[in-house]
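Q: Got a structure for you, written out below as structure tokens; questions coming shortly.
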Amino acid sequence: MEQVMPKEMPEKEIIRCHNVNKWFGKLHVLKDVNLSIKKGEVLVILGPSGSGKSTFIRTINGLEDIQQGDIVIDEITLSHDIKHIEAIRKETGMVFQQFNLFPHMTILKNITLAPIWVRKKPKKEAEKEALELLERVGIPEQANKYPGQLSGGQQQRVAIARALAMQPEIMLFDEPTSALDPEMIKEVLDVMKELAKSGMTMLVVTHEMGFAREVADRIVLFDNGEIVETGTPEALFDNPQHDRTKLFLSQIL
Amino acid sequence: MMHTEITPTKSKVLPPEQKQTIFGWTKKNLFNSWFNIILTFVSLFIIFIVLKGTLTWVVTNADWEVIRANYRLFMVGQFSEEEIWRVWSALLYLTLLFGLSAGIWKGTIRQLSFLLTAIYVIHLALPFLSGHTKIWLLSNIVTLFASYVIGLKLPKGKMIGIGGWLFSIIVILFFLQGFGILPSVQTSMWNGLLLTVILSAVAIVGSFPIGILLALGRTSKLPIIKYFCIAYIEFIRGIPLITVFFSMQILIPLFLPEGFTVANIIRVMIGATLFTAAYMAENVRGGLQSIPKGQFEAAKTIGLSSIQSTFLIILPQALRAVIPAIVGQSISMFKDTSLVAIVGLVDLLGIAQTVKSNPAFLGHHMEVYLFVALVYWVIAYAMSYSSRRLEETLGVGKR
Ligand SMILES: Nc1ncnc2c1ncn2[C@@H]1O[C@H](COP(=O)(O)OP(=O)(O)OP(=O)(O)O)[C@@H](O)[C@H]1O
Ligand SMILES: [Mg+2]
């Protein structure tokens, strides 16, 4: 695991998106998206419903393909080549709104599955690391339960642990707290904050403005498939430049 | 521990006690309204009439000599007396597997082993079976208990158990057929319940993997595979089983080199397997469709290949969801084997036909059919019972 230490930001760009365009049928959902993310950066994506936030974040690990433009992750160019996509998926972890744990496996199996089958780790070692991860997300005692026996907040923390078990360079979060009851949101956000402090590169789609202000290094605002505005939390919240940003913030705050 | 109890009563609130008396239960469930009172009486009356009629007939009018005299025929048909030890050995192997598995896995398989023991014990008590038979029955019972105890303690039990079941069909066919090592028993001598059970076992076990492959193929992105699977499934589901049996008689010889023949029983096995596979495929497909898209995506994002995600994530959940449908299909295959009479095989029902037309037992077809129905029912019920138990233990429907 990375050590918890003050953030230093090497100038290496781990994600580069250049003129990314995507259509669903005739619907143009991503329009000339240009965005680069440095290693260790925490980027929060805001925007109204249907603006293409999920679609964008899902193009990063090839869950959605793009019709125009380039996405380069850690010097690997995303293409239709399944080899490249699989290589990139080993570099990126993803956390979904609906957790998507595997209901037929225990928590421990959920976490050790990919290290054992994809990284070919010995079972003992994978389990030891899984228990450490569960410790890190604060639920070491749940290892032998099934997902259905856990609360939403606990399930989402397991989902984070499952993604971390592959030791990814980048973590993608698509509204990780939107399906949670209010009292469970904090426990998940706390885990994410700890992760951000540890130097993980993170892309987070969220409606949690408090989290965005406190943790984000940079915020981008999506509207209608375009990046409308990019800036530090202070700049974006306190001194928005664009009318659409002002409108969005006025509706949400 | 030192804590002051502020609300001592609150911590001990139990649910109100529910004393159920038989009287209370009947009142609540059977006589709670005028309409239900009438229904209860009408049903009781019908049950009474039917039971009285049947039981009177079973006990006083029926002559069970026809079953007694032909018992062996019903069970193993014309399998010769000298070779009968082979059927017993095959059964002994199965008993051993049941015992071991009961010890290893407990649960459903243990219940089935109880049922098996019960069947053996009942047969032991039947006065007309020979001493020779009873020795075999006794050794089955002893084996069952011994292997159960061994199964409880066996290290690596699950591996051994699964291996044993995987080999079971081969072991059983070896004992029955001989494979050139034991003197061969012509397959036309395999009749009665023995044939029914072997046919259905082969068809059910064989159709399962084929059905899974067809279902996966149907969802494939490769058009050739996809349309082949669709065509196969839809074609087979559109024709009756009898037609399949008939066409196997004609088609299989066409594919074989000159002078090479395949026993009738093999052709029927292939037909039944291919037929059932189409239905299995549709059941499995239902299960595949019930898996949320998020499961596929989660599997992808942690880096599993599509083969890994199919076999580790999707199929285990899909199959669990359709256990009832798969067992239902197996039960109906088991009963449908009775159609093989059409192509000249003599299964349990076939034996029933021969026995009832034997001049010595003329007019006793009721007894014969009732007995055959009972045998079918016991096996079919055991299947559906274990499916229900399996659903409970695997928690189908709970996420
Ligand atoms: N699989 C799909 N097929 C067709 N259209 C889609 C598909 N997925 C998303 N869309 C459309 O693309 C647009 C962008 O969707 P997306 O899910 O990226 O929005 P979002 O910003 O994540 O919204 P939300 O905040 O509601 O999650 C929407 O108009 C949506 O209806
Ligand atoms: Mg979304």
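Q: Considering only residues that are within 14 Å of chain A (Cβ to nearest Cβ) and open to solvent by 30 Å² or more (accessible area, probe 1.4 Å), which ones fall in the stretch B:311-324?
A: Here is the first cut: in the stretch B:311-324, the ones within 14 Å of chain A (Cβ to nearest Cβ) are B:311-323.
If the condition is that a residue be within 14 Å of chain A (Cβ to nearest Cβ) and open to solvent by 30 Å² or more (accessible area, probe 1.4 Å), then B:Phe311, B:Leu312, B:Pro316, B:Leu319, B:Arg320, B:Ala321 are the ones that fit.
Q: Would you point out which residue out of B:Ile47, B:Ile119 is assigned by TED's automatic domain parsing to the domain that holds B:Thr143, in a helix (DSSP H, G or I) and either open to solvent by 20 Å² or more (accessible area, probe 1.4 Å) or touching a residue at least 40 places away in the same chain (Cβ under 8 Å) (or both)?
A: Answer to the check: B:Ile119.
Q: In addition: Which one of A:Gln167, A:Gln154 is under 18 Å from A:Ile88 (Cα atoms) and open to solvent by 10 Å² or more (accessible area, probe 1.4 Å)?
A: One residue alone meets the criteria, A:Gln167.
Q: May I pose another question? Open to solvent by less than 20 Å² (accessible area, probe 1.4 Å) and within 12 Å of chain A (Cβ to nearest Cβ): which single residue out of B:Thr301, B:Thr337 fits that description?
A: Of B:Thr301, B:Thr337, the one residue that is open to solvent by less than 20 Å² (accessible area, probe 1.4 Å) and within 12 Å of chain A (Cβ to nearest Cβ) is B:Thr301.
Q: Please indicate, with yes or no, whether at least one residue in the stretch A:181-188 is within 16 Å of ligand 1 (Cβ to nearest atom) and open to solvent by less than 30 Å² (accessible area, probe 1.4 Å).
A: Our first condition is that a residue be within 16 Å of ligand 1 (Cβ to nearest atom); within the stretch A:181-188, this holds for none.
For the stretch A:181-188, residues within 16 Å of ligand 1 (Cβ to nearest atom) and open to solvent by less than 30 Å² (accessible area, probe 1.4 Å): absent.
Q: Taking the residues in the stretch B:273-298 that are surrounded by fewer than 21 Cβ atoms within 10 Å (Cβ to Cβ) and within 14 Å of chain A (Cβ to nearest Cβ) as candidates, determine which candidate is nearest to the chain's Cα centre (by Cα).
A: Looking at residues that are surrounded by fewer than 21 Cβ atoms within 10 Å (Cβ to Cβ) and within 14 Å of chain A (Cβ to nearest Cβ), I get B:Ser290.
Q: Now, a different point. Give the residues of the stretch A:96-120 that are part of a loop (DSSP other than H, G, I, E, B), within 21 Å of A:Met171 (Cβ to Cβ) and open to solvent by 50 Å² or more (accessible area, probe 1.4 Å), sorted by residue number.
A: Within the stretch A:96-120, A:Gln97, A:Gln98, A:Arg119 meet the criteria.
Q: State the number of residues belonging to the stretch A:121-150 that are within 14 Å of another protein chain (Cβ to nearest Cβ) and more than 25 Å from A:Ile88 (Cα to Cα).
A: Qualifying residue count, the stretch A:121-150: 6.
Rundown of residues vs (1) more than 16 Å from ligand 2 (Cβ to nearest atom); (2) modelled with pLDDT under 90; (3) open to solvent by 10 Å² or more (accessible area, probe 1.4 Å); (4) not small (Gly, Ala, Ser), yes/no style:
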site: A:Gly148; (1), (2), (3), (4): yes, no, yes, no
site: A:Val158; (1), (2), (3), (4): yes, no, no, yes
site: A:Glu194; (1), (2), (3), (4): yes, no, yes, yes
site: A:Leu236; (1), (2), (3), (4): yes, no, no, yes
site: A:Phe248; (1), (2), (3), (4): no, no, yes, yes
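Q: Counting only residues that are polar (S, T, N, Q) and buried (at least 22 other Cβ atoms within 10 Å of the Cβ), how many does the stretch A:76-95 have?
A: We begin by selecting, within the stretch A:76-95, every residue polar (S, T, N, Q); these are A:77, A:79, A:92.
With buried (at least 22 other Cβ atoms within 10 Å of the Cβ) added as a condition, the list becomes A:92.
The number of residues fulfilling the criteria is 1.
Q: Here are some conditions: (1) assigned to a loop (DSSP other than H, G, I, E, B); (2) within 13 Å of another protein chain (Cβ to nearest Cβ); (3) closer than 28 Å to A:Gln155 by Cα; (4) not aromatic (Phe, Trp, Tyr). A:Asp65 meets all but one. Which one does it not meet?
A: In the conditions (1) assigned to a loop (DSSP other than H, G, I, E, B); (2) within 13 Å of another protein chain (Cβ to nearest Cβ); (3) closer than 28 Å to A:Gln155 by Cα; (4) not aromatic (Phe, Trp, Tyr), A:Asp65 misses (3) alone.
Q: For the stretch A:27-44: of the residues being away from ligand 2 (no atom under 12 Å from the Cβ) and more than 13 Å from A:Leu203 (Cβ to Cβ), which is surrounded by the fewest Cβ atoms within 10 Å (Cβ to Cβ)?
A: Among those residues, the one meeting the criterion is A:Leu27.
Q: Hey, any hits in the stretch A:45-63 for a residue that's more than 16 Å from ligand 2 (Cβ to nearest atom) and open to solvent by 10 Å² or more (accessible area, probe 1.4 Å)?
A: yes
Q: Out of the residues in the stretch A:200-211 meeting the condition of being surrounded by 20 or more Cβ atoms within 10 Å (Cβ to Cβ) and not hydroxyl-bearing (Ser, Thr, Tyr), tell me which one is nearest to ligand 2 (Cβ to nearest atom).
A: A:Val205
The values are calculated or read from the model by the stated rules, or taken from the named source; none is laboratory data. Since the model is a prediction, treat every value here as computed from it, not as a measurement. Please note: Cβ atoms are built from the backbone with ideal geometry, for glycine as well, and neighbour counts cover all protein chains shown. Areas reflect the complete protein model, heavy atoms only, side chains present, ligands, DNA and RNA absent. Shrake-Rupley method; radii C 1.70, N 1.55, O 1.52, S 1.80 Å.
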